[in-house]
Amino acid sequence: MSEGSKGSSLAFGQVVIGPPGSGKTTYCQGMQEFLGRVGRKVTVVNLDPANEAMPYQCAVDIAELITLPDVMENLKLGPNGGLIYCMEYLEANFDWLQEKLAAFRGHYYLFDCPGQVELYTHHDALKNVFAQLAKWNFRLAAVHLVDSHYCTDPGKFISVLCTSLSTMLHVELPHVNVLSKMDLIEQYGKLAFNLDYYTEVLDLSYLVDHLASDPFFRNYRRLNEKLVEVIEDYSLVSFVPLNVQDKESMRQVMQAVDKANGYSFGDQEHRSLEALMSAAVGADFHFTSTLAVQEKYVQSQDKAVEEQVMDL
């Protein structure tokens with residue numbers, strides 16, 4: 001993978017980004033297993049210097065180059081400053097990364113990235129790493145994970161939309177936004193709207209109106225309206241719901257990423273995928289992206305209305 005070598009073969013993969021606790025490492029483990037079962041040779045690259053316990057099979061680990069605890073101890077930096085230093089150190093040592101990746105030619109790559117949001121919205125080190133990978137003929141898509149519990153709080157959801165948009169514009173990669181932990185969303189509380197409202201990012205004026213009912217946000221209605229206008233003017237942000245334990249959900253995310261980075265799979269993988277999905281459906285793993293959870297909310301709301309009518 002010599003730099004600027006146009007004759008070298010293409011390499012495809014995903015850079016998995018998102019805030020702390022959004023499920024990046026769990027996603028890498030689940031996607032590694034899923035892609036392996038459909039016939040892809042998958043290499044997971046850990047680029048998070050704070051990642052100590054990795055559940056997946058890690059082929060390339062930044063800990064061999066630098067670790068966050070060492071940086072914090074030796075340079076007397078906090079965790080945020082330490083992470084930025086580590087990414088700048090990685091940027092200064094491209095030769096190390098190139099040598100490590102060269103041992104896995106022909107593989108599909110999953111890059112497990114740090115959870116510091118500033119690295120994707122402001123700082124250039126990680127962005128420059130992705131740009132260098134592109135020069136080495138990597139065709140990457142950014143998979144931006146967002147915890148689905150933000151849907152239950154309109155104020156936080158607007159914040160997530162702004163962060164997602166900023167990340168998309170800064171990272172400059174084909175982008176797939178993912179609402180993770182969909183299997184837990186019912187534990188977070190009731191949604192103000194149906195789930196497809198959040199995944200498709202529909203008319204956000206309704207969200208502003210909903211916020212206006214809160215005394216705290218009522219004073220910031222004008223600000224929220226302007227933020228919503230920015231999001232809608234770009235018309236870029238939408239989400240794919242994800243439950244890592246559900247094969248149909250994983251397939252939908254995989255196909256969205258394959259479309260984003262241009263990966264096209266062969267007949268053998270297609271047959272493996274069909275066999276895997278038929279087994280999954282037979283084992284009652286079938287998952288429709290939004291209706292499964294959405295119908296439960298509708299039913300619970302209908303039940304609540306019926307109880308109110310009976311009380312009257």
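The values are calculated or read from the model by the stated rules, or taken from the named source; none is laboratory data. Predicted model, so just to flag it, every value in this text is computed and none were measured. In this analysis, Cβ positions are derived from the backbone assuming ideal geometry, glycine residues included, and neighbour counts consider all displayed protein chains. These accessible areas exclude ligands, DNA and RNA; they are computed on the full protein's heavy atoms, side chains included. Shrake-Rupley method; radii C 1.70, N 1.55, O 1.52, S 1.80 Å.
The share of C-alpha pairs in the range 46-191 whose separation exceeds 28 Å stands at 25 percent. Quickly work out the Tyr188-to-Asp214 label distance, labels modelled 7 Å from Cα along the C-beta direction, and quote it in nm with one decimal. Reported label-point gap for Asp214 and Tyr188 is 1.3 nm.
Estimated at the nearest 10 Å², the accessible area of Cys162 is 40 Å² with a 1.4 Å probe.
Each residue of the range 130-184 gets 67 Å³ once the volume of the Cα convex hull is shared out per residue.
Label sites at Glu229 and Gln255, each approximated as a point 7 angstrom past Cα along Cα to Cβ, lie 3.8 nm apart. Our note on the geometry: Cα centres of the range 70-117 and the range 173-222, 33 Å apart. Placing dummy labels 7 Å off each Cα toward the beta-carbon, the span from Glu248 to Ser9 is 3.5 nm.
Counting only protein chain heavy atoms and rolling a 1.4 Å probe, the accessible areas of Arg222, Arg139 rank, largest first, as Arg222, Arg139.
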